[in-house]
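Worksheet: the structure to be examined is printed underneath.
Since every read-out is calculated from the coordinates, none of them should be taken as a lab result. Predicted, not measured: the structure shown is a model, and the values here were computed from it. Here Cβ is always computed from backbone atoms with ideal geometry, including for glycine, and neighbour counts include all displayed protein chains.
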Amino acid sequence: MLGSNADIDDLIQDTFIEIFRSLPGFRGDALLSTWVDRIAVRVAYGYIARRKPETVRLSVVPDAPSRDASAEERALAREAARRLYAILDRVEANQRIAYTLHVIDGRPLPEVAKIMNASVIATKLRAWRAARTVEKRAKNDPLLAEFVDEEAGEDE
């Protein structure tokens, strides 16, 4: 949701602390994984709310080993991902979270809705709005357009 940023270790720790504090209140109405994801989303919302939009910067996660990709191809993929994250920095937090969970992580909309404690329709609209923003920017950016198309192709 937040990419690889300087505060990620602290946010992971905050999430575990919140899970530990909330554990006595866990009733088992949902899967434990959904409950933990919901706490992580609340921590992410809190982080985004405490920061000014221009100071929340997503960065590209380290390279995953790729199949015979050249150094140039990996550099282009990193640059395209950086551009995608720069766009996601500018969308509303609920849109960014819905988009990253659904489009990037590949989670089904009902699961994302449950994690975000929202309706499926609201979640779908949030992910769609973020996707629309990304697609508009990709129309003028061939590298980003190719990257977004590749990501969509992997989901199919």
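What the table shows:
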item	result
Local net charge near M116, Cβ-Cβ under 15 Å (Lys/Arg +1, Asp/Glu -1)	+4
Neighbour-count order for S33, S22, fewest beta carbons within 10 angstrom listed first	S33, S22
Residues I104 and A30, FRET efficiency given R0 of 30 Å [Cβ-Cβ distance, rounded to 0.05]	0.85
